[in-house]
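Asks: Below is one structure. I have some questions about it.
The values are calculated or read from the model by the stated rules, or taken from the named source; none is laboratory data. Predicted, not measured: the structure shown is a model, and the values here were computed from it. Here the Cβ positions follow ideal geometry from the backbone for every residue, glycine too, while neighbour counts run over all protein chains shown. These area figures cover heavy atoms from the full protein model, side chains too; ligands, DNA and RNA do not enter into them. Shrake-Rupley method; radii C 1.70, N 1.55, O 1.52, S 1.80 Å.
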Amino acid sequence: MAKKISFRSLLVLFAVGAVLLTGGVACYWQYIRHALEADVKTLIMANGTEAAADFDRAINADRHVLETIAITTQNDYPWKNSWELESFLLQQSQYNSFLALGLITMQGKVFLSQTQPLPEEFTQHILERTLQEGTYLSGQEPAPEGDEQIVIQAVTLHRANSTIGVLFAIMPDDRYEELLKLPVFGGEGFSFIIRRSDGAVMLEGRDISFANLYDVLHRSEFSSFKQARQLRQSIMDGAFAFAQYKFAKKRRFLYGLKLDVNDWYLLAELPTATVEMQARNFTSMSVGLFAFIFIIFSVFLAFILRLREYSNRQLFMTAFVDPLTGADNLNRMSQIFEEHLNALDRMASVVIFDITKFKVINDMYGYERGNQVLQRIAEILREEMLPNECFCRSAADNFVLLLSYQDRPQFHTRLNHLAAQIRRDCTAADACVMLDVAFGVYEVTEHIPFYIMMDRAYLALEKAKRSSRDKVQFYDEQDRRRILTERQVENSMEAALKNGEFCVYLQPKVDLKTGQMTEAEALVRWITPDKGIISPDAFIPVFEKNGFVLKLDMYILEQVVKLQDKWKKEGRTPVPVAVNFSRQHLNDSLYLTQMTRLVDRYQVPHELIEVELTESLILDNVELAQNAIRGLHQKGFSVVMDDFGSGYSSLNVLKGLQFDGIKLDKEFLNGFDDTKAAKQVIIGAVEMIKKLGVKVIAEGVETTAQVEFFRSIGCDLGQGYYFDKPLPVEEFEKRLLSLEK
Ligand code: C2E
Ligand code: MG
Ligand code: MG
């Protein structure tokens, strides 16, 4: 049987699956994070570089504009017409989207695009710084009035190689802010500009909460001090830098590069959370997919397992369960027998029981009722089983039990109790049929296979069925000897037939009126070289079981017709001879043809052959017997019922069967000499048969008194030791001779 996957192993399988999945997801997440981080690094570098280039380009463009305006204005030096100059500045300022445009002379005089004057320190500072460096670009700073943030860019004005003043533009700080935003990271990334010399923040793409990067580096936001120092060094050297740092509890990537303007340095920044979030999104999507596949797979697996379990159970049911009662069948019992026997320490008995008259229940009340009885019995047995005991239904109304055993008296009581319960529960209330059971018991004493134990219990059961007193019978030594003999018989039967060891003995049947032998019965004898003559009772039952009786009966018939043929050829009048036919013939459709052919081969008239069928055989299947008798009659053979009285034939049964004669069983003569009643029974039986108008034969007649009695009550023929024992052929022939004289 296929091994069953238990619920526990399924759970373990699941747990392992889940751990593997979790581990797999963790590794996957790490992998994705690293891959994304590498991507982001490249991206931030590219974007940072691009932002720096854009910024440089924008600053240069503005300076170029200022320089162009400067060329126009320096031509009008020494700027007599201030109104004209200021309207030009206004026009240019508006045109270039400056907040203001101004010109400062070397003497500190200021012309502005706006009417509102600027504080002197403010313009003075611009003048000084621009003259110092040639051009000037401020960082982000508050406007002189209002709280706006501004950026200032300025160029010098020249006339004939001498500096004549400074042209400056005030711009809103957001003029460059856009360039410092890094749009690729969904608004999460940005950049800012610092001064390399002191780390002061000059411009920022978005509000950052510190004013000096170097101050921040001094604090503990960097994962390592060494990394912070390296970053500062790279910035000071104007080299590229890449770092990770933590600010306001957020880890960030940082990429920096030098700008062309002033000593400025651009730093692009991105919170790692962005990457982590992307990785998480990606992973959770993958995990979702994995989980979905895993669930589908699990459901599928569970379904397959259930299906397998179901088909295993179905297989088990068909192979090992009796469909009617739900009890184990014999296959199952043989499988578990040894295990249970050992669990009982071999202190056990194998019991087979059989319901007597079960056939009658089926016949009278139908199969439905019969089935109910069997189901109820199985239920009772189930309730009666002690630990480690077991039972099965082996065939129709046969149950095999393995029961614990102490001693015979105890066991006897237990089985009788069981029988009583079955009788009480299963006997139909309205039935006149009393249900009873017979038990055959084998007490386990030897290490022999189960089927041999069962054989032995069966033998005991046969005994129990035969016994009218005790329906519980134990297998014993005698049974064993009988089996041995049976086996010997079986082993030698074929050879014996071939060697002619089976001989016909003939016993005369005498006309009670005349005292003359008119017929005979052929009775087989097995004459062995070593054991001498064996009587048929010792081997016919064995042959009936194994079917050899079919061959033997035909052989005996052949011997008989051979004799009759011989007598005819010798000029004698052949007497009719009766042959005994076993029950097996009735099941064999060919026997009549075979028999006819055999008799015809020796050209013996059919009326010289009589067939004896025993009463029990007829009662087993009346219809079959009826057909057999009809067939034999059609062929001209006569038929006699043998051993009448051993069964329970009623007049009705006898009437339906067209016998030519009925032979009273010799058991009728038991008690003949002692009781009147015995005689009365015989008188009744003979009267009944006489009513049918067939001949009556008395068997087993041994005394003169018996002969006289049978004659007086109108019996036709007598057969028995009083006249003759079954005789060997030569002796019988002598009788024939004396008959002819
Ligand atoms: P059966 O057919 O009823 O045969 C009569 C039996 O009674 C014979 O036993 C016979 O010897 C015995 N007998 C005859 N007269 C007396 C008597 O006065 N007193 C006593 N006590 N017994 C008497 P046998 O020959 O041992 O045969 C036993 C049974 O074996 C037969 O019973 C018959 O049923 C069966 N049998 C014998 N030969 C054959 C055979 O060739 N084929 C078959 N199928 N069965 C046979
Ligand atoms: Mg007979
Ligand atoms: Mg008889």
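Asks: First measure r as the distance between the Cβ atoms of Cys27 and Phe240, then evaluate 1/(1 + (r/R0)^6) with R0 = 22 Å and state the FRET efficiency to the nearest 0.05. Write down the numbers at each step before the final one.
Replies: Working: r = 32 Å, r/R0 = 1.47.
Rounded to the nearest 0.05, the efficiency is 0.10.
Asks: If one takes the longest principal axis of the Cα atoms in the chain, at what angle in degrees, from 0 to 90 and to the nearest 10, does the Cα axis of helix 82-95 lie?
Replies: 10 degrees
Asks: Considering Cα pairs under 8 angstrom that are at least six residues apart, work out the relative contact order of the chain and quote it in whole percent.
Replies: Working: 1074 pairs, mean separation 49.4, N = 741.
It rounds to 7 percent for the chain.
Asks: What shape does segment 434-556 have by the C-alpha gyration tensor, where a ≥ b ≥ c are the square roots of the eigenvalues, rounded means a/c under 1.5, and otherwise prolate means a/b greater than b/c and oblate the rest?
Replies: Working: a/c = 3.00, a/b = 1.60, b/c = 1.87.
Oblate.
Asks: Here is a follow-up. Going by alpha carbons, how many degrees (0 to 90, nearest 10) lie between the helix axis of 676-692 and the longest principal axis of the chain?
Replies: So the inclination is approximately 80 degrees.
Asks: Could you order Asp620, Asp674 so the one with the most accessible surface comes first? Probe is 1.4 Å. List each step's numbers first, then the result.
Replies: Details: Asp620 95, Asp674 130 Å².
Per-residue accessible area, sorted high to low, gives Asp674, Asp620.
Asks: Would you work out which of Val166, Gly647, Leu402 lies farthest towards the positive end of the dipole of the chain? Charges go on Cβ: Lys and Arg +1, Asp and Glu -1.
Replies: Selected residue: Gly647.
Asks: If you don't mind, another one. Please work out the C-alpha center-to-center distance from segment 560-581 to segment 692-741 and express it in whole Å.
Replies: Here the answer is 18 Å between Cα centres.
Asks: Under 12 Å from the Cα of Lys690, which aspartates and glutamates turn up, not counting those fewer than eight places away in the same chain?
Replies: Filter leaves Asp660, Asp716.
Asks: Now a separate question. Using the Karplus curve 6.51 cos²θ - 1.76 cosθ + 1.60 with θ = phi - 60°, what ³J(HN,Hα) values do you get for each residue of segment 236-245, in whole Hz, with x for Gly and Pro?
Replies: 4, 6, x, 9, 5, 9, 9, 8, 10, 9
Asks: Still on this structure, I have one more. Show which lysines lie in cross-link reach of Lys246 when reach means a straight Cα distance below 18 angstrom and same-chain residues fewer than eight apart are skipped.
Replies: By straight Cα distance, Lys246 reaches Lys41, Lys226.
Asks: While we're on this one: Could you pull out every one of the aspartates and glutamates with an alpha carbon less than 19 Å from that of Lys109, ignoring same-chain neighbours closer than 8 positions?
Replies: Asp76, Glu84, Glu86, Glu120, Glu121, Glu128
Asks: Now for a different question. List the residues, sorted by chain then number, that are 5 or more residues from Val437 or on another chain and whose placed amide H is less than 5 Å from its amide H.
Replies: HN-HN under 5 Å from Val437: Thr356.
Asks: Sticking with this structure for a sec: Over 18 Å between Cα atoms, which of Lys551/Lys666; Lys568/Lys734; Lys463/Lys545; Lys498/Lys545; Lys663/Lys691 qualify? Don't skip to the end; give the middle numbers.
Replies: Details: Lys551/Lys666 27 Å; Lys568/Lys734 15 Å; Lys463/Lys545 16 Å; Lys498/Lys545 20 Å; Lys663/Lys691 15 Å.
Over 18 Å apart, Cα to Cα: Lys551/Lys666; Lys498/Lys545.
Asks: Also, quick follow-up: Using per-residue counts of other Cβ atoms within 10 Å, averaged over each peptide, order 404-417, 555-568 from highest down.
Replies: Working: 404-417: 14.2, 555-568: 18.9.
The packing order, highest mean first, is 555-568, 404-417.
Asks: Still on this structure, please answer the following. Would you list the P(r) distribution for the chain, with all Cα-Cα distances sorted into 10 Å bins from 0 and each bin expressed as a whole %?
Replies: Final binned percentages: 2, 10, 12, 11, 9, 6, 4, 3, 4, 4, 5, 5, 6, 6, 5, 4, 3, 1, 0, 0.
Asks: What percent of all Cα-Cα pairs in segment 375-496 falls in each 10 Å bin, counting up from 0?
Replies: Binned Cα distances yield the sequence 11, 39, 32, 13, 5, 0.
Asks: Give the residue from Ile380, Gly288, Ala61 lying farthest towards the positive end of the charge dipole for the chain; charges sit on Cβ (+1 for Lys and Arg, -1 for Asp and Glu) and the dipole is referred to the Cα centre.
Replies: Farthest along the dipole direction, towards plus: Ile380.
Asks: Another one. Around Ala420, what is the net charge, scoring Lys/Arg as +1 and Asp/Glu as -1 over all other residues with Cβ under 13 Å from its Cβ?
Replies: On the way: positive: Arg414, Arg423, Arg424, Lys471; negative: Glu384, Asp425, Asp436.
It works out to a net charge of +1.
Asks: Calculate, in nm to one decimal, what Ile293 and Asp215 gain on full extension: separation in residues at 0.36 nm each, minus their alpha carbon distance. All intermediate terms of the calculation are to be shown ahead of the outcome.
Replies: Details: separation 78, 0.36 × 78 = 28.08 nm, distance 5.24 nm.
So the extension gain works out to 22.8 nm.
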